[in-house]
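Scroll down for the structure; my scribbles are underneath it.
Derivation of every value follows stated rules applied to the coordinates shown; laboratory data play no part. Quick caveat, the model's predicted, so the values are computed rather than measured. Every residue, glycine as well, gets a Cβ built from its backbone with ideal geometry; the counts of neighbours run over all protein chains shown.
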Amino acid sequence: MRTLITGGAGFIGSHLCERFLREGHEVVAVDNMITGDLANLDGFRTNPKFRFVGHDVSNPLKVKDKIDIVLHFASPASPVDYLDHPIPTLKVGSLGTHNMLGLAKAHGAKFLLASTSEVYGDPLEHPQKESYWGNVNPIGIRGVYDEAKRFAESITMAYHRVHGVDTRIIRIFNTYGEKMRLNDGRVLPNFMYQALMGQPLTVYGDGKQTRSFQYVSDLVEGIWRLLQKDYHEPVNLGNPAEITILEFAEEIRALAGGNSRIEFRPLPQDDPKVRQPDIARARALLGWEPVVGRAEGLKRTMDFFRKKLGK
Ligand code: NAD
Ligand code: UDP
């Protein structure tokens, strides 16, 4: 089996490379390094079954060797990153997804789209089920990411219906773990960096907004299982354990063992007030649920950042 992973040098993409290599697949990682880090490939760069291709998937890509699975994970994912790169984000979600569906069609390959809980926007239904259509501001600053992913879902379903491509769609909820970029601007790397460096923890708004954090190995397991099923509708993959951002800051500060103070900053525009996955579909379909709780997952991630920072 040969699996092509777009965004393979990113946080989740590199964990997928590792897992698929472990399962005996040949892996082709395609990345233009807009938010990736080549160090993420260190553990398997020299594996003869691994190949890296530097390419922007918003431009067409031809691959000679037969591809069996395309995992489309290329896209800036941190709000700070997609606000820095609004047009590349729109392009990779739209043109990039179109190109990768075309590649999957040409090879008769399975195609899996990394969609996101952001398709639910600032949700008016809580927790979020896959049947919820969402509450997205198309012209707000987050719209470049949310609408690109919504378009990506639409074109994925169209390729399935019109061309019979064997597609999957996952809606990923906030996922964390080793190999996140320390400066990607997401809440967990920010808080861990600040707590380890003895700097104030920057809580946006009053910190009462919630998120539900999933450890990366649980996500990877869910993806692996979904690929074995003949199922084409979206599937939420996330950990339903919901927490306020203020509590999250306190948890990380305690884990770091420091005494950083908490500094409140303005809440960015359209920041979702709540987010929690309803994972009934994944439970029933995949017999899947998260197994790594926050205490364990945060500890592993903090150890990774400690090493990076020499702390
Ligand atoms: P990341 O920024 O670490 O990885 C994204 C990778 O895609 C990077 O290596 C980047 O260089 C690459 N990339 C971006 N545009 C590209 C292009 N045009 N061509 C080739 N490569 C390109 O982010 P991540 O957290 O690993 O996210 C991976 C995917 O999962 C994204 O599609 C994201 O939308 C989705 N997702 C992630 C989360 C999360 O919590 N981490 C939640 C929901 C969805
Ligand atoms: N956040 C925060 N401080 C930070 C970074 C983020 O309080 O230094 C908040 C942000 O406003 C949001 C939540 O943490 O409410 C999660 O933000 P993140 O950027 O990780 O991703 P999101 O879930 O919004 O896509």
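A few comments on the model shown:
- For segment 62-77, backbone phi angles converted through the Karplus equation (6.51, -1.76, 1.60; θ = phi - 60°) give residue-by-residue couplings of 10, 10, 6, 5, 5, 9, 9, 9, 10, 10, 9, 10, 5, 3, x, 10 Hz, Gly and Pro being listed as x.
- For G257, net neighbour charge (Lys/Arg +1, Asp/Glu -1) across residues whose Cβ lies under 11 Å away: +3
- The distance linking segment 54-107 with segment 253-311 is 27 Å (Cα centroid to Cα centroid, whole angstrom).
- Fraction of the pair-distance distribution of segment 1-158 above 22 Å, Cα-Cα pairs, percent: 41 percent
- With contacts taken as Cα pairs under 8 Å at a separation of at least 6 residues, segment 1-142 carries a relative contact order of 22 percent.
- Between the helical axis of 294-309 and the longest alpha-carbon principal axis of the chain there is an angle of about 90 degrees.
- In order along segment 42-51, the Karplus-derived 3J(HN,Hα) couplings, from 6.51 cos²θ - 1.76 cosθ + 1.60 at θ = phi - 60°, round to 3, x, 9, 3, 9, 5, x, 8, 10, 9 Hz, and Gly and Pro are given as x.
- Applying 1/(1 + (r/R0)^6) with R0 = 22 Å to the Cβ-Cβ distance of E23 and R300 gives a FRET efficiency near 0.50.
- Translational diffusion coefficient (Stokes-Einstein; Kirkwood radius from C-alpha pairs) of segment 150-284 at 4 °C, 1.567 mPa s, in µm²/s: 77 µm²/s
- For the chain, the longest principal axis of the Cα atoms and the long axis of helix 245-256 meet at an angle of about 80 degrees.
- Under 5 Å, built H, 5+ apart or other chain: amide partners of Q128: Q276, D278
- Once C-alpha pairs closer than 8 Å and six or more residues apart are averaged by separation and normalised to the residue number of the chain, the relative contact order reads 17 percent.
- Residue-by-residue Karplus 3J(HN,Hα) for segment 91-100, coefficients 6.51, -1.76, 1.60, Hz, glycine and proline x: 5, 5, x, 9, 4, x, 5, 4, 4, 6
- One decimal place: the segment K64-H126 gains 17.8 nm when fully extended, by the rule 0.36 nm per residue minus the C-alpha distance.
- Contact order normalised by residue count of segment 200-311, Cα under 8 Å, 6+ apart, percent: 43 percent
- For the chain, alpha-carbon Rg over 2.2 N^0.38 Å: 0.96
- Between the alpha-carbon centres of segment 139-161 and segment 210-242 there is a gap of 19 Å.
- Summing charges over neighbours of A109, with a neighbour being any other residue whose Cβ is under 11 Å away from its Cβ, gives +2 when K and R count +1 and D and E count -1.
- Order by protection proxy (mean Cβ within 10 Å, highest first), peptides 54-63, 82-91, 98-107, 172-181: 172-181, 98-107, 82-91, 54-63
- Residues whose amide H comes within less than 5 Å of that of T116, counting only those at least five positions distant or on another chain, are I172 (H built at 1.01 Å from N in the peptide plane).
- Computed with the Debye formula from one identical point scatterer per Cα of segment 229-311, without solvent, the log10 of I(q)/I(0) at q = 0.13 Å⁻¹ comes to -0.64.
- Choice from S212, S131, S115 showing the highest fluctuation, given a GNM over the chain with Cα pairs closer than 10 Å: S131
- Each DSSP beta bridge with both residues in the chain is either parallel or antiparallel, and the antiparallel ones are about 10%.
- Summing charges over neighbours of V144, with a neighbour being any other residue whose Cβ is under 12 Å away from its Cβ, gives -2 when K and R count +1 and D and E count -1.
- Equivalent ellipsoid semi-axes - Cα gyration tensor, segment 220-272, angstrom: 35, 17, 8
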